[in-house]
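The structure appears right after this line, and notes come after that.
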Amino acid sequence: MSEKWLEARVVENRHWTEALFSLRVEGPRLAFEAGQFVRIALDIGGERVARPFSFVNPPSDPALEFYGIVVPEGPLSPRLARLAAGETLFVAPNPAGFLVLSELPEAESLWLVSTGTGIAPFLSILRTEAPWKRYRNVVLVHAVRHVRELVYRDLISGLKNLKYVSFVSRETAAGSLAGRIPAAIGDGRLEAAAGARLAAATSQVMLCGNPEMLKDTTAALLARGMRKHRRRSPGQISVESFW
């Protein structure tokens, strides 16, 4: 039995850089939890080609938004980046993923740590009521190579109680930390920039981004006495990766 896909129409395709784009689409309403992802697809050469994308929009927004990067040799992302308003794409009917606040224990501080397009699920989470009701401190960390890749700044600056820390690794950027996230955990720069304590007794940490960041940041957190969070064995580190 073939899978039933939903058809959606592009409302806006915003290009942040030559490689980074955000698609906003309208179609049937989808029930999902902030932090989840869904597969989106195009028909290419007689085949429906799909890839997972996290929702940027909160569940209350009827328009769906996805943030992506063009993989030049990839079959799908270059075509998604070229879609114009009014064109159609397909959305799977079954959002999934466990990078959601309903899976997390209580804590004083919530750390949302991302690289590149991994910021997407956290933008969805931050536009719901849950993080602000459950955590005294909410910290968003976003690491990129170049300043122009620090996207959604207007949205982020509008979240008044958010502690926002950015990293730029390939150039000097005023207001951003240099280097990589794991090193800044190790030497205390991340905590200093956020004005919050990163410790097992006080924190829940959600990670989303490239595999190297996930591995090295997890190691840095384990060195601080944290452990991976599982339903049967609660911890402090939750990870999402669909690279």
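Numbers for the structure displayed
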read-out: Pair list, Cβ under 7 Å, 6 or more apart: the range 22-38 residue open to solvent by 10 Å² or more (accessible area, probe 1.4 Å), other residue modelled with pLDDT under 95 and of a type in the set (Phe, Trp, Tyr); value: 37/242
read-out: The range 175-197, residues that are of a type in the set (A, V, I, L, M) and either at pLDDT below 95 or closer than 21 Å to residue 123 by Cβ (or both); value: 177, 181, 190, 193, 194, 196
read-out: Selection from the range 59-108 of residues that are among the small types (Gly, Ala, Ser) and under 18 Å from the mean Cα position of the chain (by Cα); value: 60, 63, 68, 77, 96, 97, 102
read-out: Residue count, the range 192-218 (criterion: of a type in the set (A, V, I, L, M, F, W, C), more than 29 Å from residue 39 (Cβ to Cβ) and either crowded, with 20+ Cβ neighbours inside 10 Å or within 20 Å of the chain's Cα centre (by Cα) (or both)); value: 3
read-out: Members of the range 178-191 that are on the phi < 0 side of the Ramachandran plot, out of contact with any helix residue (DSSP H, G or I) (no Cβ under 6 Å at 6 or more places or on another chain) and of a type outside the set (Asp, Glu); value: 178, 180, 183, 189
read-out: The listed residue being crowded, with 19+ Cβ neighbours inside 10 Å and of a type in the set (Gly, Ala, Ser), out of 238, 176; value: 238
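The values are calculated or read from the model by the stated rules, or taken from the named source; none is laboratory data. In this text the structure is predicted, and so the values were computed from the model without any measurement. So basically every Cβ, Gly included, is an ideal-geometry build from the backbone, and we count neighbours across all protein chains shown. With ligands, DNA and RNA removed, areas are computed over all heavy atoms of the protein, side chains included. Shrake-Rupley method; radii C 1.70, N 1.55, O 1.52, S 1.80 Å.
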